[in-house]
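Before any comments, here is the structure.
The values are calculated or read from the model by the stated rules, or taken from the named source; none is laboratory data. Since the model is a prediction, treat every value here as computed from it, not as a measurement. For neighbour counting, all protein chains shown are included, and Cβ atoms are generated from backbone atoms with ideal geometry for every residue, glycine included.
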Amino acid sequence: MEALGWVATRAQLDARWPRRWIRRAVADGVLVRVARGRYAHGRLNQHRQVAAAHGGVVSHTSAALRWGLAVKAEPITPWITVARTYRLRRRPDEQLRASYRSLRPDEIDRQTASTTVLRTVLDCARDLPFDEALCIADSALREGLLESRDLRSAAATLQGKGAARARRVARLASGLSANPMESVLRAIAIELGLALTPQLQVCEDGLFARVDLGDETLRLAVEAEGFAWHGERRQLERDARRYDLLVVFGWTVLRFSWEQIMHHPELVRWCLQHWRGVHRGLVPPSPPRLAG
């Protein structure tokens, strides 16, 4: 579930676990059915209970789970939004994150007591680090729960703290990113000034390939390699052939694992900076030392 962004379709679950395990996980609350054929991490029920106890609504990453949106990190701590005038009283052992904002009626889904998809994405874009926010915004567009123009239009009306961050996320979000890993990798590249196109199709005489992220002008292909998506022998053979052809045709192919992207972004940044520095005739710094 972590590699899938803590949400999964029924097809993704069926490909990994026996159906009797999935039924038991739903019955035990380990998985929560959030929509037809879509499941989220079981912590969602806990987040709903916390919101109800404080008279608030589920918001931010907690609401992202409710809508089946992929998130970068497991939302262990419930995140709720309460009225600006509300005085939060929590138990000494209670862990939660609370935002104090006035929500319009059309920004709340009354059936589930959570912020709407649009409000959820905007709140995350305001308050989360860029890579986490982009991951959620990409997921909303990918699942067809939002249109890009609607997201940009809503972000343009925001004011106050975090409004500029939200507009940036809305401008750069893309439903073409296939999964959370690609979204986070693209966010790292963007921070370094590399505008890589997700799911770029390379069409040249004798070469046709699709790469996770790429730039035709720079002839750079950046791949997000996760076992959840590349665990079969046939897929491995096809990818090896694709990478070889790209290199033969003069492309640089950089491949990063899920662990590197999610847990060691400093290595990813160094590799991209190193590659760009070599092309500019610059001497790159020494690579970072990673634990283990």
Tell me the residue from T217, T197 that is of a type in the set (S, T, N, Q) and modelled with pLDDT of 95 or more, please. T197
Could you please give the count of residues in region 149-175 that are surrounded by fewer than 16 Cβ atoms within 10 Å (Cβ to Cβ) and within 12 Å of the chain's Cα centre (by Cα)? 0
Just wondering, is there one or more residues in region 103-111 that are in contact with a His (Cβ under 9 Å, 6 or more places away or on another chain), outside the structural domain of Q199 (by TED's automatic domain parsing) and closer than 19 Å to H47 by Cα? no
Within region 109-124, restricting attention to residues that are among the hydroxyl-bearing types (S, T, Y) and not in a strand (DSSP E or B), which residue is modelled with the lowest pLDDT? T112
Does region 251-266 include one or more residues that are more than 21 Å from R142 (Cβ to Cβ) and touching a residue at least 60 places away in the same chain (Cβ under 8 Å)? yes
Of all the residues that make up region 176-210, how many are of a type in the set (A, V, I, L, M) and more than 13 Å from the chain's Cα centre (by Cα)? 10
Quick one: I188 ticks every box in (1) more than 25 Å from V268 (Cα to Cα); (2) aliphatic (A, V, I, L, M); (3) at pLDDT 95 or above except a single one, so which number is it? (1)
Mind listing whichever residues of region 11-30 are within 25 Å of V184 (Cα to Cα) and over 19 Å from the mean Cα position of the chain (by Cα)? A11, A15, R16
State which residue pairs qualify: first residue closer than 17 Å to A70 by Cα and assigned by TED's automatic domain parsing to the domain that holds V117 and inside region 11-36, second residue small (G, A, S) and surrounded by fewer than 17 Cβ atoms within 10 Å (Cβ to Cβ) in any location, beta carbons under 9 Å apart, and separation of 6 or more residues or different chains. none
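Can you confirm whether region 125-132 contains a residue that is assigned to a helix (DSSP H, G or I), within 23 Å of W6 (Cβ to Cβ), assigned by TED's automatic domain parsing to the domain that holds L267 and not β-branched (V, I, T)?
No, because not a single residue in region 125-132 is assigned to a helix (DSSP H, G or I), within 23 Å of W6 (Cβ to Cβ), assigned by TED's automatic domain parsing to the domain that holds L267 and not β-branched (V, I, T).
Yes/no matrix, rows are residues, columns are (1) touching a Cys at 6+ places or on another chain (Cβ under 8 Å); (2) in contact (Cβ under 8 Å) with a residue 40 or more places away in the chain; (3) of a type in the set (D, E); (4) assigned to a helix (DSSP H, G or I):
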| residue | (1), (2), (3), (4) |
| --- | --- |
| L151 | no, no, no, yes |
| L158 | no, no, no, no |
| K161 | no, no, no, no |
| A166 | no, yes, no, yes |
| L176 | no, no, no, no |
| M181 | no, yes, no, yes |
| I188 | no, yes, no, yes |
| A195 | no, no, no, no |
Any residue in region 199-218 that is under 13 Å from W251 (Cβ atoms) sitting within a Cβ distance under 7 Å of a residue that is among the hydroxyl-bearing types (S, T, Y) and surrounded by fewer than 19 Cβ atoms within 10 Å (Cβ to Cβ)? List the pairs, counting only those 6 or more apart or interchain. L213/T197; G214/T197; D215/T197
Within region 97-109, count every residue that is of a type outside the set (D, E) and closer than 11 Å to V58 by Cα. 4
